[in-house]
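Just below is one structure, and these are the notes that go with it.
Laboratory data are not the source of any read-out in this text; all were calculated from the coordinates shown. Since this is a predicted model, take the numbers as computed values, not measurements. Cβ atoms come from the backbone with ideal geometry, glycine included; neighbour counts cover every protein chain shown.
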Amino acid sequence: MSAHEDNEHSRQGLLKENSIPLRPSVDQTSRSSSDLDDEFNELQFDQDRETRFRNGRRWPWVAKFRRIISGEGPSYQGERRAVHRPSRSSKIRGCLYRRRICLAITGILVAGFIILASGGALWVYKTAPEDGQSPPWYPAPLGGSVSQWEKSYQKAQAMVERMTLIDKVNVTSGTGWSQDLCVGNTAPANTVGFPALCLQDGPLGLRFVDHSTAFPAGVTVGATWNKELMYRRGKAHGTEAKGKGVNVLLGPSMGPFGRMPAGGRNWEGFGPDPVLQGIAAAQTIKGIQDVGVMATAKHFIANEQEHFRQSFEWGLPNAISSNIDDRTLHELYLWPFAESVRAGVASVMCSYNMVNNSYACGNSKLMNGILKDELGFQGFIQSDWLAQRSGVASALAGLDMTMPGDGLGWMDGKSLFGSELTKAVLNTSVPMERINDMVTRVVAAWYQLRQDNTTDWPPPPPNGTGGPNFSSWTEDKIGRVHQGSDDSSTAVVNQFVKVQDDHGKIARQVAAEGTVLVKNDGNILPLSRKGGTPSSGNKKYNIGIYGSDAALNPKGLNVCPDRSCNGGTLASGWGSGAVEFPYLISPVQALTSSFSNKSVTLSSVPIDTIPTRTAPLAPSAKPENQDLCLAFAGSIAGEGFESWDGIRGDRNDLHLDNHGDALIANIADSCNGPVIVVVHAVGPVILDDWISHPKIRAVLLANLPGEESGNALADVLFGDVDASGRLPYTVGKSLEDYGPGGQVLYYPNGVIPQQDFDEGLLVDYRYFDAKNITPRYPFGYGLSYTTFTFSNLTLTSLAPRTPLPAPRPDTLPPPTYPTTLPDPKQALFPKPFRKLKRRVYPYLNSLRSIRKATYPYPVGYHTAQNLSQAGGAEGGNPDLYTPLLSINVTVSNTGSRTGKAVVQLYVGMPTGVVDGVTGERISFPPRLLRAFEKVEVEKGGSRVVEMRLGRKDLSYWSVGAQNWVLPEGAIEIVVGASSRDEGVREVWGG
Ligand code: BGC
């Protein structure tokens, strides 16, 4: 929508009431500086209020205004209030006294500002990506086009037909942050008995919830490479959500994809490869949804770093823009979302950032064009929390539900949907067809997940005893029902329902299989519970455990808000993706109970800087008196609304926290015996300061193991389970080795920070391979306690190799509804009505603001779009998934015990490919992971493993054809144990 059109809306009264800004999407337009200024002022005002609330018990939000430009003085509002400044009147008096000087200075400052501002605007303009702004794609495709959802859409249509406009707005608008019990809540459609929905984080467990499991994080799940475990963890997570009355689980996360190894939230996802990320996401979704809970694929899309992910945390007028070309978008960042849609995901969460200078939650190309048309997404798109930045524009661009419902600021009660959506429908600026589709998508998803089954999902009060049985805002049994409002009525809000069941076992198994053994010199591992041979003079075998990462945080498990500190053994990253640990088994605890106390003396020194030769340690605890030392260290990161030790979400480097590198080096220098290092981390860490130390014989990268941390580690250390984790990322020798695209943008480079994804497909191992940089440990790498060989690779073509998929299949006709406008009077507040403060309502105060007129629609709104030939079913054209090639390989266990191999299939795409439409040369990274299987093989045994590749796996995204194209030429198929393994290889075609 253009700035002009937005003004039109304002003039005609659409936006006037309550002066709620329904802002234009930046689709198609760059925003005027006055727009930005207005928004900035409003956001600053909102931030005060938000800071006050979030400094409260459960979400101690710290405003993150960085001292970016001035370099002096605190710049966030909370601090600003504390700084002594002269009063305004005394300043004015002083100014009058030195009037001329003041005028001159003011003049210079104003001139300077104008010059800087115009220079800045030019700079932003000049740094705009070559691909330009995101193109328009309207109108929003209607849901209900695929057979798998047909029945749900029929039922949904029958219900939506009976809904009033007020019902429809209730279903699509959140009630406001902390207005109800979950982190996101909708209001019921009372006329038809459609319940209020509870939306809760995800994805590591249930946030703000008692008696539930703290599972290993996504990165650990990725490191298992075990599809069955991925599914089982998802199912257990979903079961717990259901038990707590959560309708929509806010996970899994597959964005951030992991472009930058220091990115703050990479750990919520499964690793920076589209196939690994996509399979793990799909398995998780199937698990969650098989128990009837709606899963959410988030964050759509390219929310790769925390710095500037949104404006209000960073004191900027706008969020960062991730500028991505079409091919890279399809082949990397979109891939896991396509797999999620193919798995039938019920919801997708659009992200905070802009993509190609258009907010992701207002980007019609992404939501209408790619997600709903090309990927055939049938569920509903919800916004990340306050990621909606425009009203009418984002509804037209495809947003179906706003979360948490507030407007541009936390708890401002000024929703961009709510009554504004009611008004926009009544004045025709949001067509009836659009709101009907929005609500139908939500209701269809609810039917699709069988949540209409009242035995499984009893309705919430007053109609039943269902709904959420916990409160996100208090741990007390009795608490406020509408915490964020002025209503003080209370009820039983926490029923303390135990939902953990035996999920600790799954957590333990995932954590154990997600532990990656990268070094095991002389096969020092697995350890014996009896220890080893004591050194001369000792009666027992002495083992020392060092580092705060080995033990529980003495201040408490959940002492840091949303787990935002690294003060004890690290088992989770921080942010909305973290949970309260119900318990946490530390390595010290597990090892103490595992080693035989008859033959082993264990000393634990859970501190980071003391154990040097000069340290005041009891002799028995000193490293120089140990037969074996275990050194622990970790590296944390998290979501941008919290910070710890100078880490503002994104890590500042890839080194260990709490002087971990120095600790490990010290222990290696001083330990009498060999050293085993255990690292808990959110992603890759630089190991090079100490990895080659001859005393360091084994290194385990245990990722983020969740509540069963110590037990899982013991399982691997003692060899009760094979070391079968494999790296879901590359461990480089330095952060620089990940290339320019791998670096977080820590300082804004414009009014809208611009981040160009110039490296294209060369992310993580693809970059290392293309630039011939030797990593410390490659993607996919990890040792077992046994050894495997691969042989007898055979390829069998399953279908003809044609360049393009079959034409897009016909799809079902979606439900349609009469487009007549409802009687506006039904939108008025009922009388009497008690309005709660800050709560979002669908009702209008008066009908004065409803002016029917011909409203302008965004540029491109009336341009008919060609439906994508890559579309036609959930996840895209079904022919993209037709298996074309079957690959068989024999895996033999040549070692001394049973173990699990991860069979990884990489393709090397042909050289010299030229795109048939554009004539451009198409180059590929040297290797692309396309399939994997984890198999257990007995000692001396072998197994044949079959993997299949579909058309999409062997194609590239042709920007010219706007389709997946299978190029001519020889495709090399490599099956190996990591991205750099020679493995066994064959050529297909040529
Ligand atoms: C996060 C989302 C989360 C939401 C609700 C946002 O800050 O980005 O991942 O689901 O909060 O807690």
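Taking neighbour counts of Cβ atoms within 10 Å as a proxy for exposure, in what order, fewest first, do F194, F581, F833 appear? Before the final figure, lay out each step's value.
Details: F194 27, F581 21, F833 9.
Exposure proxy ranking, most exposed first: F833, F581, F194.
Could you work out [θ]222 nm for the chain from helices alone, using -39500 (n - 2.57) per DSSP H run of at least four and dividing by all its residues? Round to the nearest 500 deg cm²/dmol.
Details: 19 runs with 221 residues, N = 990.
Result for the chain, helices only: -7000 deg cm²/dmol.
Please give the contour-minus-distance gain from D290 to E228: 0.36 nm per residue of separation, less the Cα-Cα distance, rounded to one decimal in nm. Could you put the intermediate results ahead of the total?
Numbers: separation 62, 0.36 × 62 = 22.32 nm, distance 1.38 nm.
Residue separation times 0.36 nm, minus the Cα-Cα distance, leaves 20.9 nm.
Name the residue farthest towards the positive end of the dipole of the range 699-821 from the options L821, F768, A806, assuming +1 on Cβ of Lys and Arg, -1 on Cβ of Asp and Glu, about the Cα centre.
Of the options given, the answer is A806.
Taking neighbour Cβ counts within 10 Å as the exposure measure, how do K298, K168, K939 sort from fewest upward? If you can, show how the numbers build up before the last one.
Working: K298 30, K168 27, K939 12.
Going from sparsest to densest Cβ surroundings: K939, K168, K298.
Give the long-range amide H neighbours of V516: residues separated by 5 or more places, or on another chain, with amide H under 5 Å away, using H modelled in the peptide plane at 1.01 Å from N.
Result for V516 returns L701, A702, N703.
Note down the relative contact order for the chain as a percent, whole number, built from C-alpha pairs under 8 angstrom at least six residues apart.
On the way: 2530 pairs, mean separation 160.4, N = 990.
Normalised by residue count, the contact order of the chain is 16 percent.
When L687, L416, L165 are ordered from fewest to most other Cβ atoms inside 10 Å of their Cβ, what list results?
Numbers: L687 25, L416 31, L165 21.
Listing L687, L416, L165 from fewest to most nearby Cβ atoms yields L165, L687, L416.
For the chain, give the magnitude of the charge dipole about the Cα centre (Cβ charges: +1 Lys/Arg, -1 Asp/Glu; no others), in debye to the nearest 20. Kindly include the intermediate steps, with their values, before the conclusion.
Details: 97 positive and 98 negative charges, 470 e Å.
Once rounded to the nearest 20, the dipole reads 2260 debye.
Per-residue HN-Hα couplings for the range 179-195, Karplus 6.51 cos²θ - 1.76 cosθ + 1.60 at θ = phi - 60°, whole Hz, x for Gly and Pro?
Each residue of the range 179-195 in turn: 6, 10, 7, 9, 6, x, 9, 9, 9, x, 9, 5, 4, 10, x, 8, x Hz.
Could you state the number of Å between the C-alpha centres of the range 212-226 and the range 420-461?
33 Å
For the range 879-973, what is the relative contact order in percent, using Cα pairs closer than 8 Å and at least 6 residues apart in sequence?
On the way: 184 pairs, mean separation 39.1, N = 95.
In percent, rounded to a whole number, it is 41.
May I ask you to list, by number, the DSSP H helices of the chain whose Cα span along the axis is at least 18 Å and whose average Kyte-Doolittle hydropathy reaches -1.0 or more?
Numbers: long enough: 33-54 (30 Å, -1.74); 99-127 (41 Å, 1.37); 227-243 (24 Å, -1.46); 274-290 (23 Å, 0.35); 432-448 (23 Å, -0.08).
Membrane-span-like by this rule: 99-127, 274-290, 432-448.
Tell me which of S635, N553, V510 sits at the most positive position along the dipole axis of the chain, charges placed on C-beta atoms (Lys, Arg +1; Asp, Glu -1).
Ranked along the dipole, the leading option is N553.
Tell me, what HN-Hα J-couplings in whole Hz come from the Karplus equation 6.51 cos²θ - 1.76 cosθ + 1.60 at θ = phi - 60° for each residue of the range 680-686, using x for Gly and Pro?
Calculated HN-Hα couplings, in order: 10, 7, 7, x, x, 10, 7 Hz.
Using 7 Å Cα-to-Cβ label points, what is the N463/L867 separation (nm, one decimal)?
Here the modelled spin labels are 3.4 nm apart.
Quick one: which residues, 5+ away or cross-chain, put their amide H under 5 Å from the amide H of S603? H built at 1.01 Å from N.
I543, G544, I545
Residue by residue through the range 319-324, which ³J(HN,Hα) values in whole Hz follow from phi under the Karplus form 6.51 cos²θ - 1.76 cosθ + 1.60 (θ = phi - 60°), with glycine and proline marked x?
Those phi angles translate into 7, 5, 10, 8, 9, 10 Hz.
What is the dipole size for the range 393-533, taken about its Cα centre, with +1 at each Lys and Arg Cβ and -1 at each Asp and Glu Cβ, in debye to the nearest 20? Don't skip to the answer; put the middle values down first.
Numbers: 13 positive and 16 negative charges, 128 e Å.
So the magnitude is around 620 debye.
Using a cut-off of under 18 Å, list every residue of the range 802-825 whose amide N is near the label point 7 Å from the Cα of Q154 along the Cα-to-beta-carbon line.
811-817
About the Cα centre, and with charges only on the beta carbon of Lys, Arg (+1) and Asp, Glu (-1), how big is the dipole of the range 217-313? Nearest 20 debye, please. Let's see the in-between values first.
Working: 11 positive and 8 negative charges, 56 e Å.
My answer is approximately 280 debye.
Could you give the length gained on full extension between S536 and T794, defined as 0.36 nm per residue of separation minus the Cα-Cα distance, in nm?
Working: separation 258, 0.36 × 258 = 92.88 nm, distance 5.57 nm.
Extra length from S536 to T794 when fully extended: 87.3 nm.
Going toward the positive end of the dipole of the range 682-744, with +1 on Lys and Arg Cβ and -1 on Asp and Glu Cβ, which of G742, P728, L717 do you reach last?
After comparing all options, I get G742.
For T819 and T592 in one chain, what is 0.36 nm times their gap in residues minus the Cα-Cα distance, to one decimal in nm?
Values: separation 227, 0.36 × 227 = 81.72 nm, distance 6.97 nm.
Extra length available between T819 and T592 comes to 74.7 nm.
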